[in-house]
1. So which helices (runs of 4 or more DSSP H) stay within region A:75-158 end to end and still have 1 or more residues that are among the polar types (S, T, N, Q), touching a residue at least 12 places away in the same chain (Cβ under 8 Å) and over 18 Å from A:T39 (Cα atoms)?
2. Taking the residues in region A:188-231 that are of a type in the set (D, E, K, R) and under 20 Å from A:V242 (Cα atoms) as candidates, determine which candidate is nearest to the other protein chains (Cβ to nearest Cβ).
3. Can you tell me which of (1) under 16 Å from A:Y148 (Cβ atoms); (2) surrounded by fewer than 24 Cβ atoms within 10 Å (Cβ to Cβ) is the one A:A20 doesn't meet?
4. For region A:1-52, give me every one of the helices (runs of 4 or more DSSP H) that falls completely inside it and has 2 or more residues that are closer than 23 Å to A:A69 by Cβ and assigned by TED's automatic domain parsing to the domain that holds A:T143.
5. If you scan region A:159-210, which residues turn out to be of a type in the set (D, E, K, R) and surrounded by 14 or more Cβ atoms within 10 Å (Cβ to Cβ)?
6. Do we find a residue being surrounded by 10 or more Cβ atoms within 10 Å (Cβ to Cβ), within 14 Å of another protein chain (Cβ to nearest Cβ) and of a type outside the set (F, W, Y) anywhere in region B:82-100?
7. Please enumerate the residues belonging to region A:82-96 that are out of contact with any Asp or Glu (no Cβ under 9 Å at 6 or more places or on another chain) and either within 14 Å of another protein chain (Cβ to nearest Cβ) or surrounded by 24 or more Cβ atoms within 10 Å (Cβ to Cβ) (or both).
8. Has region B:32-50 got any residue that is more than 30 Å from B:K73 (Cα to Cα), within 14 Å of chain A (Cβ to nearest Cβ) and not acidic (D, E)?
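The values are calculated or read from the model by the stated rules, or taken from the named source; none is laboratory data. The model shown is predicted, which means the values in this text are computed figures rather than measured ones. As a convention, Cβ positions derive from the backbone with ideal geometry for all residues, glycine included, and neighbour counts pool all protein chains shown.
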Amino acid sequence: MLEEAKRAIPLSTNHAIAYAVKDLDVDVISAYPITPQTTVVEKISEFIAKGELDAEYIHVESEHSALSAAISASLTGARAFTATASQGFALMHEMLHIASGLRAPLVMSVAMRSLSAPISIWNDQSDLFNARDAGWIIIFAHTAQEAYDTIIQSYKIAEDHNVLLPVMVGYDGYVMSHTIEPVIIEDKEKVMKFAPKVQYPFKLDPDKPVSIGSITPPEYYYEFKYQQVQAINGSLPTIEKVDEDFGKTFGRNYGLMECYMCEDADSLIMANASYASTLKAFLPEIRKQGLNVGLLRLRVYRPFPLQKFVEYTSDKKNLLVIDRAISYGAPYQGPLANEISGAMVKEGLKLNLISVVAGIGQRTVEFEDFLALARLAHEGRRHEETIFYGVRE
Amino acid sequence: MEKLVSYKEMAPGGIVVNPGNSLEYKTGDWKVLIPVINQETCTRCRICWYVCPDNAIVELDKEYTTKKNRKYKVSYDVNADFCKGCGMCAQECPVKAIEMVPVEVA
């Protein structure tokens, strides 16, 4: 363990992702700056300038073009990457659906941030949750190390010919993107051996011509969309296996969903990204206060690992779901809580679901707040409406 | 009508893996008017062949002799499978040798 720790270097999650892109020998990077993502592509440009990565670095004029370029590159058989956040992510929205519809095996990192208006450059998860139905595989990282590792896993998942879907890796803007953690950077050869380039099977090739992006009449369109349903649902075993193999090769794996201090807990708090790592640090102290609460960490979000969810929650009394995005006017106004209530009906779970919205626009949630949320979960009262935690009445 | 294939038999992403298959897709079935070319007045200038947006004017290796005994080595015809009846050929014909007539009449 100590030997392992000695290998670590101090990196922000943004820089950890840039290292992963370098170690994966990505061929094409399309770059457009947006806070808090910018230092990902900045660091990659440094690697290219220093000759540590041989790649095409395309300065595009918008995020719409950034994703367009990455899609096109991946369909020529290149390994492509881009990064985004917030307004830029929103500007990409049209291309998000085209990436998954064309089955482009590219990878994108998202330093999650709030959306305008009013303008906020700070963290929440409104940008990513807006895109949850875009047909991408979505994985949340909760440490810089997990972000590095997950980018590596993502190419292996995306390029698998049984999957062929774009993957986005989400992590919290600022709270993770600009804070420094110890990160073990693996040997490039070992990374490439783990995730060798697997080209898109129908890549543009003059010797074997194909048409990409043609119009599809009503007799065919539905079937292509159903292929996407099958592909994303069918990707779950691949995602699980890639993670397990990653563990065997590098000694770190994360599972589809993580239950932390959870076996003996009556109540769970469902959280992702930085809130999950913060809760991991706070849970021992929360337990000391007599609150029998555990953490259910959402890692793989699309496809949703429903069986894991059932496995971890079926014997629990209360589940408090923290959303850092708002689904305006929905039955529960946290998008995740809405889905969980659907999952509970589908699986016949009798949990007491408590929907909490928190951390909007990076309203800081501190130890006392997590303690209060743990108390809410532990009390187990029924709350019919979503609780907007911390808002000034 | 031919049987439509299952989603399992289709290449992913709507990608067309058999190039040139637009020939199998007849796009001319909704026209109202169709050009009729008068081989007598046609001077074989080829303008209709150039301007047709659907390559539906066909040049045939078919000799034709006019009543005034002028010999042409080629004739022009319309491929009704792809002509959508836009009338550009008739509009551009410098000798007004093309007439647009209702499909039912032609």
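1. Values: elements: A:86-91, A:93-101, A:126-129.
Hits in region A:75-158: A:93-101, A:126-129.
2. Here is the first cut: in region A:188-231, the residues of a type in the set (D, E, K, R) are A:188-190, A:193, A:197, A:203, A:205, A:207-208, A:219, A:223, A:225.
Next cut, under 20 Å from A:V242 (Cα atoms) only: A:188-190, A:193, A:197.
Details: A:K188: 31, A:E189: 31, A:K190: 31, A:K193: 27, A:K197: 19 Å.
Top of the filtered list is A:K197.
3. The one condition A:A20 does not meet is (2).
4. Answer list for region A:1-52: A:13-23, A:38-49.
5. If the condition is that a residue be of a type in the set (D, E, K, R) and surrounded by 14 or more Cβ atoms within 10 Å (Cβ to Cβ), then A:E159, A:D160, A:D172, A:E181, A:E186, A:K188, A:K197, A:K203 are the ones that fit.
6. no
7. Answer for region A:82-96, where residues must be out of contact with any Asp or Glu (no Cβ under 9 Å at 6 or more places or on another chain) and either within 14 Å of another protein chain (Cβ to nearest Cβ) or surrounded by 24 or more Cβ atoms within 10 Å (Cβ to Cβ) (or both): just A:A83.
8. No - not one qualifying residue is present in region B:32-50.
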